[in-house]
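Structure first, then comments.
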Amino acid sequence: MFPACRYSLQARRCVGALKAVQTEHVAPQVYSTRSSSSTVPRITTHYTVYPRNKDPRWEGVEMERFADEADVVIVGGGPAGLSAAIRLKQLANQHEKELRVCVVEKASQIGAHTLSGACLEPTALSELIPDWKERGAPLNTPVTEDKFSILTEKYRIPVPILPGLPMNNHGNYLVRLGHFVHWLGEQAEELGVELYPGYAAAEVLFHEDGSVKGIATNDVGIAKDGSPKDVFERGMELHAKVTLFGEGCHGHLAKQLYKQFNLRENCEPQTYAIGLKELWVIDEKKWRPGRAEHSVGWPLNRNTYGGSFLYHLNEGEPLVAVGFVVGLDYTNPYLSPFREFQRWKHHPSVMSTLEGGNRIAYGARALNEGGSQSIPKVTFPGGMLIGCSPGFMNLYSVRNIRPSFHSYFGLYGGMVYTGIFYWILRGKEPWTLKHNGLDSAQLKPAKDCTPIEYPKPDGKISFDLLSSVALSGTNHEHDQPPHLTLKDDSVPVAQNLAIYDGPEQRFCPAGIVKTFCPCCPTGVYELQINAQNCVHCKTCDIKDPSQNINWVVPEGSGGPAYNGM
């Protein structure tokens with residue numbers, strides 16, 4: 001998608017090695033383990049759990065990595081990473097300084113892993129690129145109409161949007177964020193930024209004094225059993241004076257940096273939500289370009305944080321983006337965010353828009369909800385965290401909205417708080433509410449909860465999980481270790497299934513993990529991991545009640561292939 005960058009000789013050799021191992025994808029590989037009186041067989045084969053220096057299959061394998069030098073290395077080609085790269089090159093050019101800035105991005109193309117609603121407030125863009133309109137930024141849909149509602153099972157209760165409230169989007173734009181990120185990439189390249197899509201940053205490198213030295217991209221050519229294939233090739237090291245980590249929400253390298261430098265010592269735990277989204281082409285008679293609709297309430301109960309959006313986009317065809325967000329601090333292990341989303345679309349006020357339309361895309365992504373009280377220290381020797389990686393979303397002015405929902409009155413208490421204090425004080429109230437702790441610690445045991453009976457999808461408005469994932473374009477090289485790693489392979493059955501009735505098979509929006517009993521008379525249970533389906537949302541890593549799952553990057557270019565999500 002992008003013109004070739006000015007690769008160094010070492011980088012060219014690594015690019016060649018990556019191309020050599022790209023093969024046709026085949027049927028998804030299933031990994032399983034049994035829980036019985038016998039020893040649990042191994043599911044996890046990744047070298048982050050089972051080091052290769054203790055594996056005889058790796059004896060004699062060449063492990064030297066090529067290294068390249070840059071002034072600044074940025075991990076993640078999303079809005080934050082590309083904006084940082086653009087600003088650095090602007091300043092360097094302004095002062096007539098040579099500055100080599102490299103951006104590594106795990107998606108095969110810039111923007112292919114980007115997913116958001118999205119309603120974009122353009123102030124920062126105007127500061128970064130004042131002539132963005134003349135440069136053709138894909139901000140095609142200014143918000144012309146706002147609607148906010150409380151939903152009951154059958155009715156929609158309109159709520160007036162007063163000036164200054166969070167749902168007032170006058171002056172904002174409804175965008176397909178993946179297209180906007182792609183455009184940012186073009187602006188970065190024009191300034192001389194080197195972009196390396198298809199490279200997954202797998203490891204943080206450190207100097208002897210403990211400061212960050214740079215990153216290493218992932219190795220390729222490792223079989224699913226963890227052994228080296230004939231085409232095995234080490235990743236490349238990128239050293240830098242400063243390394244910026246903009247991996248997005250809950251980045252796996254950021255987690256390591258939190259521990260290495262104790263960055264979360266003086267902040268509240270981060271709290272998250274899972275956002276699910278679809279694109280639909282609808283009947284043109286129902287299309288209202290510029291309309292932004294938001295709702296709370298049904299199908300979630302009053303104590304489960306969440307809401308929805310329906311955006312009418314002006315993209316040359318009658319296109320709408322529909323999405324559903326569920327706070328990951330929910331307590332019922334039987335709740336399925338995906339199936340709540342599908343059920344929500346059958347509300348009369350939503351179904352009337354979608355009926356007769358055609359669903360063309362699906363995806364999901366975790367998002368930060370913690371506010372300013374959950375921001376860690378962002379700087380450390382040799383680098384810093386940027387963007388959604390530390391949680392720069394929904395900050396000071398809205399910091400109390402999410403925790404205000406955690407009272408006896410739930411949804412209604414939160415709306416009263418927002419309506420009074422946010423409208424009057426504009427988010428400047430002299431207090432900050434606390435969160436309830438880690439999202440992973442909020443589930444109640446299954447015995448204390450009521451199973452949720454979800455209606456079957458009708459194939460017209462609501463759909464099954466696998467056909468939805470197919471619309472995300474998700475794919476991975478099948479013959480590689482599953483990147484959904486487990487610290488202990490026995491925990492999913494021995495703890496999560498026993499206590500919470502296997503919640504990972506419900507909170508995953510891509511059907512990666514399943515726990516089932518193939519031969520119940522013997523009491524033998526199995527866990528299946530289908531890493532091929534992973535949309536890189538990170539929900540499993542966040543919500544797992546045992547905190548036994550550690551999401552790591554797969555081989556570069558794997559994952560979803562979103563087109564303007």
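Collect residues whose amide H, placed 1.01 Å from N in the peptide plane, falls under 5 Å from the amide H of residue 67; neighbours closer than 5 in sequence don't count.
Amide H neighbours of residue 67, under 5 Å, 5+ apart: 237.
Between the stretch 236-269 and the stretch 115-133, what is the C-alpha centre distance in whole Å?
25
Going highest first, how would you order 233-239, 85-91 by mean Cβ packing within 10 Å? List each step's numbers first, then the result.
On the way: 233-239: 21.6, 85-91: 18.7.
Ranking the peptides 233-239, 85-91 by packing returns 233-239, 85-91.
Considering only protein heavy atoms and a 1.4 Å probe, what is the carbon-and-sulfur percentage of the accessible area of the stretch 67-551? Intermediate values should be presented prior to the final figure.
Details: 10320 of 19450 Å².
In the stretch 67-551, the share of accessible area belonging to carbon and sulfur is 53 percent.
Could you derive backbone 3J(HN,Hα) for the stretch 193-206 from the dihedral phi with the Karplus parameters 6.51, -1.76 and 1.60 (θ = phi - 60°), listing whole Hz in sequence and x where the residue is Gly or Pro?
After applying 6.51 cos²θ - 1.76 cosθ + 1.60, I find 5, 8, 9, 10, x, x, 10, 9, 6, 9, 8, 8, 9, 10 Hz.
Using the per-residue mean of other Cβ atoms lying within 10 Å as a proxy for protection, in what order, highest first, do the peptides 338-348, 115-125 fall? Write out the running numbers ahead of the final one.
Details: 338-348: 21.4, 115-125: 18.5.
Per-residue mean Cβ counts within 10 Å order the peptides as 338-348, 115-125.
With θ set to phi - 60°, apply the Karplus curve 6.51 cos²θ - 1.76 cosθ + 1.60 along the stretch 171-177 and write out the HN-Hα couplings as whole Hz, x wherever there is a Gly or Pro.
Once θ is set to phi - 60°, the couplings for the stretch 171-177 become x, 9, 10, 8, 10, 9, 4 Hz.
5 Å is the cut-off here: which amide hydrogens, built 1.01 Å from N in the peptide plane, fall below it relative to residue 478, excluding neighbours closer than 5 in sequence?
Amide H to amide H, under 5 Å and 5 or more residues apart or across chains, residue 478 pairs with 26.
Going by amide H atoms built from the backbone, whose H comes under 5 Å of the H on residue 223, apart from near neighbours?
Correct list: 229.
Just to confirm, what accessible area per residue do you get for the stretch 445-565 at 1.4 Å probe, in whole Å²? Walk me through the numbers on the way to the answer.
Details: 4510 Å² over 121 residues.
Computed with neighbouring chains in place, this is 37 Å² per residue.
Going highest first, how would you order 204-211, 107-114, 471-478 by mean Cβ packing within 10 Å?
On the way: 204-211: 12.9, 107-114: 24.9, 471-478: 19.4.
So the peptides 204-211, 107-114, 471-478, ranked by packing, come out 107-114, 471-478, 204-211.
Rounded to whole Hz and in sequence order, give me ³J(HN,Hα) for the stretch 504-511 from the Karplus expression 6.51 cos²θ - 1.76 cosθ + 1.60, θ = phi - 60°, writing x for Gly and Pro.
5, 7, 10, 7, 6, x, 9, x
Let me have the relative contact order for the stretch 54-111, percent, based on Cα pairs under 8 Å that are six or more residues apart. Write down the numbers at each step before the final one.
Values: 46 pairs, mean separation 24.2, N = 58.
For the stretch 54-111, the relative contact order is 42 percent.
Roughly how many debye, to the nearest 20, is the charge dipole of the stretch 67-551 about its Cα centre, given +1 on each Lys and Arg Cβ, -1 on each Asp and Glu Cβ, and no other charges? Could you put the intermediate results ahead of the total?
Numbers: 45 positive and 53 negative charges, 340 e Å.
Value, rounded to 20: 1640 debye.
The values are calculated or read from the model by the stated rules, or taken from the named source; none is laboratory data. Given the structure is predicted, the values throughout are model-derived calculations rather than measurements. Positions of Cβ are generated from backbone atoms using ideal geometry, with glycine treated the same way; all protein chains shown enter the neighbour counts. Each accessible area value is taken on the protein alone, full model and side chains, heavy atoms only, with ligands, DNA and RNA left out. Shrake-Rupley method; radii C 1.70, N 1.55, O 1.52, S 1.80 Å.
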